[in-house]
2 protein chains.
Amino acid sequence: MALIVQKFGGTSVGDIERIKNVACKVKKERDAGNRVAVVVSAMAGVTNQLVGYVEALSPLNSDEAWREYDQVVSSGEQVTSGLLALALHEMGVPSRSFAGGQIPLKTNHVHGKARIAGIDATEIKKALDGGMAAVVAGFQGTTPDGRIATLGRGGSDTSAVALAAALKADRCDIYTDVDGVYTTDPRLVEGARKLDKITCEEMLELASLGAKVLQTRSVEMAMNHGVVVQVRSSFADTPGTYLVNEEDIVEQKKITGIAYSRDEARVTLTGVPDKPGVAAAIFGPLADANINVDMIVQNVDEIGRVTDMTFTVNKTDLERAVAALQKARPVLQYKEMNADKNVAKISVVGVGMRSHAGVALDMFKTLAEKNINILVISTSEIKISVLIAEEYTELAVRALHAAFELEKA
Amino acid sequence: MALIVQKFGGTSVGDIERIKNVACKVKKERDAGNRVAVVVSAMAGVTNQLVGYVEALSPLNSDEAWREYDQVVSSGEQVTSGLLALALHEMGVPSRSFAGGQIPLKTNHVHGKARIAGIDATEIKKALDGGMAAVVAGFQGTTPDGRIATLGRGGSDTSAVALAAALKADRCDIYTDVDGVYTTDPRLVEGARKLDKITCEEMLELASLGAKVLQTRSVEMAMNHGVVVQVRSSFADTPGTYLVNEEDIVEQKKITGIAYSRDEARVTLTGVPDKPGVAAAIFGPLADANINVDMIVQNVDEIGRVTDMTFTVNKTDLERAVAALQKARPVLQYKEMNADKNVAKISVVGVGMRSHAGVALDMFKTLAEKNINILVISTSEIKISVLIAEEYTELAVRALHAAFELEKA
């Protein structure tokens, strides 16, 4: 008898009929002889509505405000947990709901983006041992002083994986509105192929690059605690994609997948005096304004006296970044600043890069053949990202997908 | 420095602007030098929506189902508590929210209609002592085994009065969409007058008779714990109506107010054999079906062998009542059953009845003058109720209001 954690996202529990559909999936897993704990998100749209209320009242620039944000926003998952437990009960499946504080799932004090400090699984185990399905409100826990804390958007994934780790579950199934992880976005590339397996490291790169399948922290947690995670569809009854260790991938291709993101904007400062500490002088004001910088490149002119600095920030932060840098101009002494919102980041990802040389070259050649200009390049051990003009996004992704033969299994 | 509990109902917190308006009222009370704890209902419409979800999933015929009902439905007040605390915070009023379980307000196990077992006011006192406004989610508490329990519709009134008792508050202000308790429904009678004071006993009779101002249990609790309660308007800045003890009413009129209810239906069984135990035989099946019976009259025929039994039930229970009695006909051996939904109950209420004779006579005369036929009569120490045809409701209330000179202060 296996113990399985199932997680259902907001679209999967979006209305009463879908909640009934989820109850069927839980029942089916139990009828197959398994013990089941379920983690649920808020019904689609509910969290946005609650966040809207909060933002209408507060700029959320204090700890106190974030505490109340959590008090409000966590209610969406609480509602779904009760509704799913009710649906199960009516199908003859004994069940009970748990809000985060009722488990308790313990967190630190960082309201709005809390990290899990630990899960006391006693009560959930008691429910499972009593033959019940445990239905857990995702996304939330309780601080040491008894306030509700939420785990950040997408936090229900992390709740599910953490619960699977605490229960030593045999598997954690993440049900979502796609039926697995694809070589790239199937809406962009017709030949995009569902992967049977992907390594946690690749998933991490894809998740942080804009393939919105799993919350980054849930993947880290799966990796650290050896939780077997499967991403699968709520709507189709097909196998999904398993997150695995690198050694479980027998035949490695050069590249596993291609991600793209239109969320970034480029900023270039030209003619910055090239002296020690210039990078710190530029990025200090941005860090002070709580702006994350992603890609960074620096060019030195031939004589080596001035430098051009290009980097990317989230589009939503661009205005504030520009303001901060204008303010710092007397110190930075750059010649010009120019910014561009119409850019896209294209990334090829794969642990195969470690053993296959020439991936970067293949990528640059492919883009060059299509006359796509590369603005910025950044790389990690298993990823190469380039910034290009946004209008070439589809063309670039399709060309790279074909060049790396990702449509072939 | 007084300690005041303020309670705001669903209409008063119906949207973000109204929540800000409530925050102003809280701030004003604090600016006057008082310490304030606030109890809030769910935003208007939210509870109905949540109940709708629940009822779409379950007939709510088990304890387990009611537990999940509470898990779902309690979230509405939790949301408002967070939003109001946020609004206060942004106005510079230090504040924090408390869900029922965070206080904790302890209840028994009767989910959906739980009774308060006790309030541990330590944390709320700590917040008040620290200069904060405490914002409490009404309508809810926590059972001994840590499940959320709700107090029944209108339960936030009871939360507020119980909190006022636990904190030994100087006053409990119940803010609502009317500006006090009236001699009768002002929508029906132009001359209806707001009462400055009303006794708890009268308020109890009015509340249970359909004047939907306060939850019955909150009035009982105010009476038992000597809590000073004021019913007042969220929207107008005028004094409301105080609930007082009988000795605080100096000049007693015969009648304090007139209530009406269109929620009841009449059932008459004719020709029931008049033998001992017949009443039990009739009302047993109704009790088994969980149907409350309100007014009851029994007439015996001249010879004393058969009897006619008339009683009222809630309109929503009528169909089930008729079915239960049809099933019991072989035992009851009544001749005919007839039922009527088109009835209204009109009640005159006043502690003055104890010292003024002839109130019943005045009432019956007034109705007779308008040719209104009385179907059923029932009385208590401070109340006389009559059942009449529904179409005469307005006429009866207006005639009685004039006859007892209630428009005069």
Check on A:Lys275, in a loop (DSSP other than H, G, I, E, B) and surrounded by 12 or more Cβ atoms within 10 Å (Cβ to Cβ): no
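Give the number of residues within the stretch B:82-97 that are within 27 Å of the chain's Cα centre (by Cα) and either at pLDDT below 95 or more than 13 Å from A:Leu57 (Cα to Cα) (or both). Steps first, please.
Step one: list which residues in the stretch B:82-97 are within 27 Å of the chain's Cα centre (by Cα), which gives B:82-84, B:97.
With either at pLDDT below 95 or more than 13 Å from A:Leu57 (Cα to Cα) (or both) added as a condition, the list becomes B:97.
Result for the stretch B:82-97: 1.
Would you pick out the residues in the stretch A:317-351 that are polar (S, T, N, Q), farther than 24 Å from A:Leu395 by Cβ and touching a residue at least 24 places away in the same chain (Cβ under 8 Å)? Spell out the reasoning first.
Just the residues of the stretch A:317-351 that are polar (S, T, N, Q), to begin with: A:326, A:333, A:338, A:342, A:347.
Now restrict to residues that are farther than 24 Å from A:Leu395 by Cβ: A:326, A:333, A:338.
Hits for the stretch A:317-351 are A:Gln333, A:Asn338.
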Given (1) over 30 Å from B:Val244 (Cα atoms); (2) surrounded by 15 or more Cβ atoms within 10 Å (Cβ to Cβ), number of the condition B:Asn342 does not satisfy: (2)
Of the criteria (1) in a strand (DSSP E or B); (2) within 19 Å of A:Glu205 (Cβ to Cβ), which one A:Met309 fails: (2)
Residue among B:Thr366, B:Thr393 that alone is within 27 Å of the chain's Cα centre (by Cα), among the polar types (S, T, N, Q) and surrounded by 14 or more Cβ atoms within 10 Å (Cβ to Cβ): B:Thr393
For B:Lys126: the one exception among (1) under 27 Å from A:Glu64 (Cα atoms); (2) more than 14 Å from every other protein chain (Cβ to nearest Cβ): (2)
Any hit, the stretch B:59-70, residues being more than 20 Å from B:Thr238 (Cα to Cα), touching a strand residue (DSSP E or B) at 6+ places or on another chain (Cβ under 7 Å) and at pLDDT below 95: no
Residue that is nearest to the other protein chains (Cβ to nearest Cβ) [pool: residues in the stretch B:143-159 that are surrounded by 24 or more Cβ atoms within 10 Å (Cβ to Cβ) and touching a Ser or Thr at 6+ places or on another chain (Cβ under 7 Å)]: B:Ile148
Pick from the stretch A:396-409, criterion buried (at least 21 other Cβ atoms within 10 Å of the Cβ) and in contact with a helix residue (DSSP H, G or I) (Cβ under 9 Å, 6 or more places away or on another chain), ranking: farthest from A:Gln298 (Cα to Cα): A:Leu406
Members of the stretch A:99-121 that are more than 9 Å from every other protein chain (Cβ to nearest Cβ), touching a strand residue (DSSP E or B) at 6+ places or on another chain (Cβ under 7 Å) and among the hydrophobic types (A, V, I, L, M, F, W, C): A:Ile103, A:Leu105, A:Ala114, A:Ile116, A:Ala117, A:Ile119
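Where in the stretch B:149-251 are the strands (runs of 3 or more DSSP E), entirely inside, with at least 1 residues that are in contact with a Phe, Trp or Tyr (Cβ under 9 Å, 6 or more places away or on another chain) and polar (S, T, N, Q)? I'd like the intermediate steps shown before the answer.
Numbers: elements: B:171-176, B:197-199, B:229-233, B:241-244.
In the stretch B:149-251, the matching strands (runs of 3 or more DSSP E) lie at B:171-176, B:229-233, B:241-244.
What are the residues in the stretch B:77-91 that are more than 7 Å from chain A (Cβ to nearest Cβ) and without any contact (Cβ under 8 Å) to a residue 60 or more places away in the chain, if any? Talk me through it step by step, then tell me what you get.
Quick first cut of the stretch B:77-91, residues more than 7 Å from chain A (Cβ to nearest Cβ) only: B:77, B:80, B:84, B:88, B:91.
Across the stretch B:77-91, there are no qualifying residues.
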Scope the stretch B:30-57; condition outside any loop (DSSP other than H, G, I, E, B), more than 7 Å from every other protein chain (Cβ to nearest Cβ) and surrounded by fewer than 23 Cβ atoms within 10 Å (Cβ to Cβ); matching residues: B:Arg30, B:Asp31, B:Arg35, B:Val46, B:Thr47, B:Asn48, B:Gln49, B:Val51, B:Gly52, B:Glu55
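With the structure loaded, tell me whether A:Ala265 is within 29 Å of A:Val376 (Cα to Cα), in contact with a strand residue (DSSP E or B) (Cβ under 7 Å, 6 or more places away or on another chain) and part of a loop (DSSP other than H, G, I, E, B) or whether it fails that test.
Values: within 29 Å of A:Val376 (Cα to Cα): yes; in contact with a strand residue (DSSP E or B) (Cβ under 7 Å, 6 or more places away or on another chain): yes; part of a loop (DSSP other than H, G, I, E, B): no.
Criteria not met by A:Ala265.
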Hits in the stretch B:287-337 - residues which are among the acidic types (Asp, Glu), surrounded by fewer than 18 Cβ atoms within 10 Å (Cβ to Cβ) and within 15 Å of B:Lys275 (Cα to Cα): B:Asp301, B:Glu302
For A:Gly180: the one exception among (1) within 28 Å of A:Gly240 (Cβ to Cβ); (2) modelled with pLDDT of 95 or more: (2)
Among (1) within 7 Å of chain B (Cβ to nearest Cβ); (2) farther than 23 Å from B:Arg96 by Cβ, the one test that A:Glu68 misses: (2)
Selection status of B:Leu60, aliphatic (A, V, I, L, M), outside any helix (DSSP H, G or I) and either more than 7 Å from chain A (Cβ to nearest Cβ) or farther than 26 Å from A:Leu60 by Cβ (or both): yes
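Scan the stretch B:10-21 and give yes if some residue there is touching a residue at least 60 places away in the same chain (Cβ under 8 Å), in contact with a strand residue (DSSP E or B) (Cβ under 6 Å, 6 or more places away or on another chain) and facing chain A (nearest Cβ under 9 Å), otherwise no. Quick ask: steps written out before the conclusion?
Going residue by residue through the stretch B:10-21, those that are touching a residue at least 60 places away in the same chain (Cβ under 8 Å) are B:11-13, B:16, B:18-21.
Subsequent filtering for residues that are in contact with a strand residue (DSSP E or B) (Cβ under 6 Å, 6 or more places away or on another chain) retains B:12-13.
Then keep just the ones that are facing chain A (nearest Cβ under 9 Å); that gives none.
No, the stretch B:10-21 contains no residue that is touching a residue at least 60 places away in the same chain (Cβ under 8 Å), in contact with a strand residue (DSSP E or B) (Cβ under 6 Å, 6 or more places away or on another chain) and facing chain A (nearest Cβ under 9 Å).
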Selected residue (criterion: nearest to A:Ala32 (Cα to Cα)) from residues of the stretch A:125-142 that are free of Cβ contacts under 8 Å to residues at least 60 places away in the same chain and out of contact with any Lys or Arg (no Cβ under 8 Å at 6 or more places or on another chain): A:Gly131
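The values are calculated or read from the model by the stated rules, or taken from the named source; none is laboratory data. Here the structure is a predicted model, which means the values were calculated and not measured. Cβ: placed from backbone, ideal geometry, glycine included. Neighbour counts: every protein chain shown.
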